[in-house]
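The values are calculated or read from the model by the stated rules, or taken from the named source; none is laboratory data. Quick caveat: nothing in here was measured; it's all calculated off a predicted structure. Virtual Cβ from ideal backbone geometry, glycine too; neighbours counted across all protein chains shown. In case anyone asks, the SASA skips ligands and DNA or RNA and just uses the protein heavy atoms, side chains included. Shrake-Rupley method; radii C 1.70, N 1.55, O 1.52, S 1.80 Å.
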Amino acid sequence: MSNLVRITLEQGLAVITIDNPPVNALSTEVRQAIREAIEEADNDNRVAAIVLIGAGRTFVAGADINEFQKITSGSSQRVPEMARLVERIEDCHKPVVAAIHGHALGGGMELAMAAHYRVASPGAQMGQPEVKLGIIPGAGGTQRLPRLAGVAKAVEMCSLGTPISAAEAMQLGIIDKVMDVDGDLLATAIAFAREAVSKPMRKTRERNEKLEHNVPLFAAARANARSKQRAPRAALAAIEAIEAAATLPYADACHIEQKLFNECLFSDESRALVHAFLAERELAKIPGIPKDTPVLTVNRVGVVGAGTMGAGIAMVFANAGVPVVIRDVDQAALDRGLATIQKNYANSVRRGRFTQQFVDERLQLIRPVLSYNEFADMDMVVEAVFEGMAFKKEVFGVLDGVCKQGAILATNTSYLDIDEIASATKRPQAVLGTHFFSPANVMKLLEVVRGKATSKDAISTCMQLSKKLGKVGVLVGNCRGFVGNRMFAPYRREAQFLVEEGADVQAVDKALYDFGMALGPLSVADLAGLDIGWRMRKEFRHLQKPGVRQPFAEDRLCEMGRYGQKTNAGWYRYDENRRAIADPEVTTWMRQWAAEAGIPQRQISSQEMVERCIYAMINEGARILEEGIALRAGDIDMVYLNGYGFPSHRGGPIWYADTVGLKKVYERVCEFHERHGELWEPAPLLEQLAKQGKTFADFTREPTPVA
Ligand code: 3H9
């Protein structure tokens with residue numbers, strides 16, 4: 001027997017323990033070993049019942065997701081035998097009890113549902129999250145879940161992928177017993193199994209009483225998936241498979257599930273989503289910074305600046321249970337900051353995200369102050385003041401004088417040079433960027449920006465902290481705009497150029513929205529505030545090369561006082577509910593300004609709109625990758641999926657480029673270079689990989705040395 005699965009005899013019962021850390025994923029070897037253990041226990045006359053349990057922190061988190069990439073790339077066989085393994089468990093001649101703690105997800109849930117009984121610890125979570133990987137349950141999950149939980153709940157769980165608690169699973173009839181809070185799961189399952197020996201056994205696949213063909217329910221679920229999900233293929237397939245469960249004999253419905261599972265597994269959406277899952281887990285692996293690097297304990301945090309960002313950042317820490325001191329220059333500024341915090345929390349309560357009690361407790365953790373002296377004991381300080389180098393350096397000079405040695409000094413700058421900010425202190429090793437995205441209390445992305453002197457401990461602490469804060473932390477290098485904003489600049493530049501060349505504002509937004517972006521680029525600009533870019537462009541104008549085309553449209557709009565949503569007018573006009581209304585005046589002005597600038601007007605296809613914006617972003621991404629500003633291609637994708645509304649079913653801009661083919665992307669970039677000039681100069685890495693017939697995923701470079 002493999003050491004991935006153990007079988008022990010406990011007074012007439014077989015205990016089968018799956019032990020494949022960290023989450024007992026069902027790799028080929030694990031599936032094989034479970035099968036052997038089940039055969040052995042079923043054929044052993046001394047065994048009256050079987051308990052199936054997971055070692056370590058969880059039951060089973062599903063099929064081994066790493067195998068999916070190998071299967072779809074052709075380097076490994078399809079996930080074999082899983083459905084048959086599950087049926088073999090169900091066909092056991094002795095009762096099988098699944099003992100669930102931690103997570104029973106995907107294949108883990110399917111395994112548990114094939115057992116004759118399920119016992120769970122109170123904190124267990126279970127579900128069929130496959131849809132989030134662009135697939136559907138492939139081992140009978142769409143067949144057994146509706147039989148246990150009813151069709152409506154099965155449709156919801158399989159099409160949304162959200163897990164449920166043990167208590168809810170008990171109420172639905174998915175599990176048979178929830179263990180006492182201070183109980184022992186194995187002992188509870190063994191006791192349960194002993195009692196089960198004398199009871200009649202029922203196979204889940206034969207429990208048909210909850211199956212119903214509720215036509216309106218399936219129609220509503222389909223409509224919901226189509227309207228709410230940008231790539232609903234997997235959700236629709238899950239609904240179809242559950243409908244098959246409700247209408248067809250079990251074997252026929254299983255056949256449909258298998259067919260749909262395979263179609264989904266080989267889809268572009270699924271490949272992209274699997275890439276995203278694995279890339280997110282890679283983020284914590286930083287070359288040169290071993291896993292056991294000491295981390296500093298962050299128990300108290302100071303935030304400098306009670307503006308929108310500072311207030312949001314204070315909430316992020318408070319939400320994670322970390323007490324925060326927030327400082328601003330005068331009481332009026334502090335009051336405004338606290339009002340922002342209270343308004344944000346009130347919205348969260350209204351939307352059901354937080355309870356009032358949770359909010360009251362969090363507010364207790366936020367203490368407004370006027371003096372920097374309060375920062376003396378802080379383990380970490382995040383500066384979130386106005387975006388200007390001189391001001392930031394002044395703040396860091398003060399922090400250096402006040403804060404204790406060992407404290408992390410972080411800046412929330414979105415563009416500025418971390419090393420120059422660090423130079424205002426005598427401890428550059430403690431300085432880094434923590435670039436939160438707006439609104440900080442909502443957006444998942446956190447760019448952790450390392451300067452050339454930032455220490456391993458400081459980096460490691462912030463990367464681990466990001467998880468505690470519920471953020472996706474991506475370690476990036478120091479350059480203007482880091483990864484996210486540096487790539488966003490050419491994307492937004494091209495969106496403006498398109499309008500200046502004759503495209504309609506709404507047409508540009510629609511093209512990118514249809515591509516999958518959460519919001520079109522011009523709507524994003526209005527949301528963020530056109531004045532932010534305007535201010536930046538003024539600050540960095542001296543860096544622009546003379547004679548190189550620059551967009552003018554947003555500067556002109558700003559000169560007219562149109563800053564976007566905040567002034568009820570920007571690219572669009574906004575009504576009192578902040579609904580965007582197309583503004584014919586903008587079109588008129590654009591035509592006039594274009595004529596003055598001598599820009600010929602033409603019809604532009606939506607395909608060109610997408611290529612201009614997305615390929616500009618990719619070309620910059622290639623530079624970022626080559627320069628080592630991002631550690632890996634997947635890190636750039638993580639920035640874009642978590643901070644910029646890039647469609648997850650396209651895997652991120654770099655993954656998307658690989659799926660288009662770098663040769664095709666490069667050729668188009670060359671065409672744009674010829675037509676639009678130097679801003680489109682192909683990135684050397686893009687050119688090199690395209691000519692070698694390679695992908696960005698093939699690219700590796702020497703890791704950046706860490707201080
Ligand atoms: C499926 O089951 C299809 C079936 O229908 C069968 C069809 C035939 N495989 O997230 P974490 C690793 S599809 C391989 O940081 P957490 C993960 O990579 C699957 N590895 O921890 C990481 O590795 P490392 C359906 C997996 O505590 C480590 O575990 N199941 C898998 O924040 C820790 O992960 C899912 O979609 C896996 N299935 O969250 C569940 N799962 O340490 C996916 C995790 O080397 N998993 N790893 O970086 C999750 O949602 C979360 O990982 C979980 C733990 C909630 C379990």
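At-a-glance table
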{"item": "Check on GLY406, farther than 16 Å from THR454 by Cα and either open to solvent by less than 30 Å² (accessible area, probe 1.4 Å) or touching a residue at least 60 places away in the same chain (Cβ under 8 Å) (or both)", "result": "no"}
{"item": "Cβ-Cβ under 7 Å pairs, at least 6 apart or on other chains, the range 648-675 side free of Cβ contacts under 8 Å to residues at least 24 places away in the same chain, far side of a type outside the set (Gly, Ala, Ser) and open to solvent by 60 Å² or more (accessible area, probe 1.4 Å)", "result": "HIS673/GLU681"}
{"item": "The range 279-292 - residue that is part of a loop (DSSP other than H, G, I, E, B) and in contact (Cβ under 8 Å) with a residue 12 or more places away in the chain and, of those, most open to solvent (accessible area, probe 1.4 Å)", "result": "ALA284"}
{"item": "So ALA37, is it in a helix (DSSP H, G or I), farther than 27 Å from CYS158 by Cβ and either in contact (Cβ under 8 Å) with a residue 40 or more places away in the chain or open to solvent by less than 10 Å² (accessible area, probe 1.4 Å) (or both)", "result": "yes"}
{"item": "Residue tally, condition within 14 Å of the ligand (Cβ to nearest atom), assigned to a helix (DSSP H, G or I), acidic (Asp, Glu) and at pLDDT 95 or above, over the range 61-113", "result": "2"}
{"item": "Single match in GLN125, GLN143 (criterion: within 9 Å of the ligand (Cβ to nearest atom) and modelled with pLDDT of 95 or more)", "result": "GLN125"}
{"item": "Scan of the range 642-658 for residues that are over 18 Å from GLU687 (Cβ atoms) and not polar (S, T, N, Q), ordered by number", "result": "GLY643, TYR644, GLY645, PHE646, PRO647, HIS649, ARG650, GLY651, GLY652, TRP655, TYR656"}
{"item": "Restricting the range 279-331 to residues that are more than 16 Å from the ligand (Cβ to nearest atom) and basic (Lys, Arg), the residue that is nearest to LEU446 (Cα to Cα)", "result": "ARG300"}
{"item": "Any hit, the range 180-202, residues being within 32 Å of the chain's Cα centre (by Cα) and at pLDDT 95 or above", "result": "no"}
{"item": "Filter pass, ARG46 being within 12 Å of the ligand (Cβ to nearest atom) and not in a helix (DSSP H, G or I)", "result": "no"}
{"item": "Residue in the range 249-265 that is closer than 25 Å to ASN642 by Cα, touching a helix residue (DSSP H, G or I) at 6+ places or on another chain (Cβ under 7 Å), crowded, with 19+ Cβ neighbours inside 10 Å and touching a residue at least 60 places away in the same chain (Cβ under 8 Å) present", "result": "yes"}
{"item": "Qualifying position, being away from the ligand (no atom under 16 Å from the Cβ), open to solvent by 10 Å² or more (accessible area, probe 1.4 Å) and of a type in the set (Ser, Thr, Tyr), among THR188, THR162", "result": "THR188"}
{"item": "Only one of LEU685, LEU625, LEU631, LEU679 that is touching a residue at least 60 places away in the same chain (Cβ under 8 Å) and under 24 Å from LYS467 (Cβ atoms)", "result": "LEU631"}
{"item": "From VAL295, VAL385, VAL301, VAL398, residue being open to solvent by less than 20 Å² (accessible area, probe 1.4 Å) and at negative phi", "result": "VAL301"}
{"item": "Helices (runs of 4 or more DSSP H) within the range 379-493 that include 2 or more residues closer than 22 Å to ARG281 by Cα, more than 16 Å from the ligand (Cβ to nearest atom) and out of contact with any His (no Cβ under 7 Å at 6 or more places or on another chain)", "result": "456-468"}
{"item": "Criterion violated by ASP176 - all others in (1) within 16 Å of the ligand (Cβ to nearest atom); (2) open to solvent by 20 Å² or more (accessible area, probe 1.4 Å); (3) not aliphatic (A, V, I, L, M) satisfied", "result": "(1)"}
{"item": "Leading residue by the ranking (farthest from GLY106 (Cα to Cα)) among those in the range 40-65 that are buried (at least 22 other Cβ atoms within 10 Å of the Cβ) and not small (Gly, Ala, Ser)", "result": "ILE50"}
{"item": "Of all residues in the range 11-20 being open to solvent by 10 Å² or more (accessible area, probe 1.4 Å) and closer than 12 Å to VAL60 by Cβ, the one that is nearest to the ligand (Cβ to nearest atom)", "result": "ASN20"}
{"item": "Options VAL316, VAL349: the member that is open to solvent by 40 Å² or more (accessible area, probe 1.4 Å), within 26 Å of the chain's Cα centre (by Cα) and more than 25 Å from ARG535 (Cα to Cα)", "result": "VAL349"}
{"item": "Filter result for the condition that a residue is among the small types (Gly, Ala, Ser) and over 24 Å from VAL86 (Cα atoms), over ALA251, ALA237, ALA244, ALA220", "result": "ALA220"}
{"item": "So GLY56, is it within 13 Å of the ligand (Cβ to nearest atom), at positive phi and in a loop (DSSP other than H, G, I, E, B)", "result": "yes"}
{"item": "Output for the range 548-586, where each listed residue is in a loop (DSSP other than H, G, I, E, B) and among the aromatic types (Phe, Trp, Tyr)", "result": "PHE552, TYR563, TRP571, TYR572"}
{"item": "Residue match in the range 341-359 (condition: among the charged types (D, E, K, R) and under 23 Å from GLN405 (Cα atoms))", "result": "no"}
{"item": "Within the range 316-355, tally of residues that are over 19 Å from GLY470 (Cα atoms) and hydroxyl-bearing (Ser, Thr, Tyr)", "result": "1"}
{"item": "Checklist (1) within 13 Å of the ligand (Cβ to nearest atom); (2) within 17 Å of ASP91 (Cα to Cα) applied to VAL23, failing item", "result": "(2)"}
{"item": "From GLY533, GLY520, GLY570, GLY516, residue being of a type outside the set (D, E, K, R) and on the phi > 0 side of the Ramachandran plot", "result": "GLY516"}
{"item": "The listed residue being at pLDDT below 95 and out of contact with any helix residue (DSSP H, G or I) (no Cβ under 8 Å at 6 or more places or on another chain), out of LEU543, LEU530, LEU465", "result": "LEU543"}
{"item": "Only listed residue being over 16 Å from THR434 (Cα atoms), within 12 Å of the ligand (Cβ to nearest atom) and either in a helix (DSSP H, G or I) or touching a residue at least 40 places away in the same chain (Cβ under 8 Å) (or both), chosen from ALA272, ALA276", "result": "ALA276"}
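Here is a yes/no grid of residues against (1) of a type in the set (D, E, K, R); (2) more than 28 Å from ILE239 (Cα to Cα):
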{"position": "LYS153", "(1), (2)": "yes, no"}
{"position": "PRO163", "(1), (2)": "no, no"}
{"position": "ALA166", "(1), (2)": "no, no"}
{"position": "ALA187", "(1), (2)": "no, yes"}
{"position": "SER198", "(1), (2)": "no, yes"}
{"position": "ARG202", "(1), (2)": "yes, no"}
